[in-house]
Amino acid sequence: MSCAVFGFAAQAGPSLALARALGVPRLSVKARHFPDRESLIQVEPSPRTALLYCSLDHPNDKLVEILLAASALRDNGAAKVILIAPYLAYMRQDSAFRAGEAVSQRVIGKLLAEHFDGLLTIDPHLHRTRSLAAVMPGIEAVAISAAPLLVAEIDKRRDPLLVGPDGEARQWVERIADRVELEFVLGRKRRGGDRHVEIEIPDAERANGRSVVIVDDLISSGGTLLAVAHQLRSAGAQEIKALATHCLATEAELDQLREAGISSVRATDSVPGPVGSLPIADLLAQEIRQRRWYPS
Ligand code: R5P
């Protein structure tokens, strides 16, 4: 055995799916929490390449635990530790937008680069920083696209109009629009607070009487989708659906989206949740094989 996928109990399902897709064993990372919430991490003996699976939604505790796990893996046989983080947190804060703010993307990128030999993620939120390699200097940091999975969810026969909520969404919506040969429009977003956004869709009238699919990388609170749906309904859209790579929204937030007239929300299973069902294991496995991170 030259490689194994290591997973925490909370992500046993997706780490096992990846191990099966690769045809390698899935071994466990045990996390015990002391009363004061410190974590004690324990790993099984590792082969030369350890693929540590940990999607980084709700990231603060997980960040500490993956650093401890990486160290334990190296102490127990791993010569190479690759982080498989389908959702990569802290990528949105790529600049100090107000005086005194930390540039989280730079801090977390550097931290991960110091502890891992490589990293694989899906559709990280890179806007002003063009490549993941720039965020994680010196390691093989790879971002793949969920477009093949999202495309399969689009019913071309309905000739839907694709909508990206803002300029940043161009990179995701354009890739999908090209594949399915459908037209898209982009909104303009102004964020007033964590849950409050204003969206203007300059070409909103094109949604009149049509089926519309909103495409984004991330649904967090759902505020962005609510604002877009409001615009589209006012413009006369007949049916509104939403597709995203990652969905962090709670059941209550998803209810609000339904009430706002979004009839279906689909996302990949990068983050466990009620709508995250499009399986990423094969996409990840395909990329890992191409990277030759371990001898087959
Ligand atoms: C931000 O620019 C992203 O692409 C998403 O549009 C955003 O993070 C969604 O957040 P929320 O669901 O909280 O509006």
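Proximity of backbone amide H atoms, modeled 1.01 Å from N, is registered between Ser264 and Ala242 at under 5 Å, excluding neighbours fewer than 5 places apart on the same chain. Computed over the stretch 185-233, relative contact order equals 39 percent, with contacts defined as Cα pairs under 8 Å that lie 6+ residues apart. Working ranking of peptides 104-114, 125-135 by packing, defined as the average number of other Cβ atoms within 10 Å per residue, highest first, is 104-114, 125-135. Could you tell me how many degrees, from 0 to 90 and to the nearest 10, lie between the Cα long axis of helix 281-291 and the main elongation axis, the longest principal axis, of the Cα atoms of the chain? The helix 281-291 is inclined about 60 degrees to the chain. Sequence-distant contacts, meaning Cα pairs under 8 Å at least 6 residues apart, place the relative contact order of the stretch 134-261 at 23 percent.
Working note: Karplus 6.51/-1.76/1.60 with θ = phi - 60° gives the stretch 173-184 the couplings 6, 5, 4, 6, 4, 4, 5, 9, 6, 10, 7, 9 Hz, where Gly and Pro are set to x. Take every DSSP beta bridge with both residues inside the stretch 7-153 and express the antiparallel ones as a percent of the total, to the nearest 5. Of all bridge pairs located within the stretch 7-153, approximately 25 percent are antiparallel. Net charge of the neighbourhood of Gln93, taken over other residues with C-beta under 10 Å away and scored Lys/Arg +1, Asp/Glu -1, is 0. Cross-link pairs exceeding 30 Å between alpha carbons, from the set Lys156/Lys189; Lys80/Lys189; Lys30/Lys80; Lys62/Lys241: Lys80/Lys189; Lys62/Lys241.
Against the chain, whose longest principal axis is taken from its Cα atoms, helix 59-75 shows a tilt of about 30°. About its Cα centre, the stretch 162-296 has a charge dipole of approximately 240 debye under the convention of +1 per Lys or Arg Cβ and -1 per Asp or Glu Cβ, with nothing else charged.
Take 175-186, 73-84 and order them by the average number of nearby Cβ atoms within 10 Å per residue, most first; the result is 73-84, 175-186.
Kirkwood hydrodynamic radius (Cα pairs, Å) of the chain?
Radius from the Kirkwood sum: 20.0 Å.
Taking the charge dipole of the chain about its Cα centre, with +1 at Lys and Arg Cβ atoms and -1 at Asp and Glu Cβ atoms, the residue from Ala99, Ser28, Gln11 reaching farthest to the positive side is Ser28. Packing, taken as the mean count of other beta carbons within 10 Å per residue, orders the peptides 38-44, 116-122 from highest to lowest as 116-122, 38-44.
Let me check against my output: what whole-number percent is the relative contact order of the chain, with C-alpha pairs under 8 Å and at least 6 apart? For the chain, the relative contact order is 13 percent. Coupling constants for the stretch 16-32 follow from the phi torsions by the Karplus curve (6.51 cos²θ - 1.76 cosθ + 1.60, θ = phi - 60°), and in residue order they are 5, 4, 5, 4, 5, 4, 8, x, 10, x, 10, 10, 9, 10, 9, 10, 10 Hz; glycine and proline get x. Around the Cα centre of the chain, unit charges on the Cβ atoms of Lys, Arg, Asp and Glu (plus for the first two, minus for the last two) sum to a dipole of about 540 debye.
The DSSP beta bridges internal to the chain are antiparallel in roughly 20% of cases. Size descriptor for the stretch 1-105, Kirkwood hydrodynamic radius: 14.6 Å (Cα pairs only, one decimal). Taking every alpha-carbon pair in the stretch 112-256 and binning the separations at 5 Å intervals from zero gives 2, 10, 18, 20, 19, 14, 9, 5, 3, 1, 0 percent.
Helical runs assigned H by DSSP (4 residues or longer) give the chain a calculated mean residue ellipticity at 222 nm of -9000 deg cm²/dmol, each run adding -39500 (n - 2.57) before division by the residue total.
Every number here is computed from the coordinates shown, using simple stated rules; none is lab data. Please read these numbers as outputs of a predicted model, since none were measured by experiment. Every residue, glycine as well, gets a Cβ built from its backbone with ideal geometry; the counts of neighbours run over all protein chains shown.
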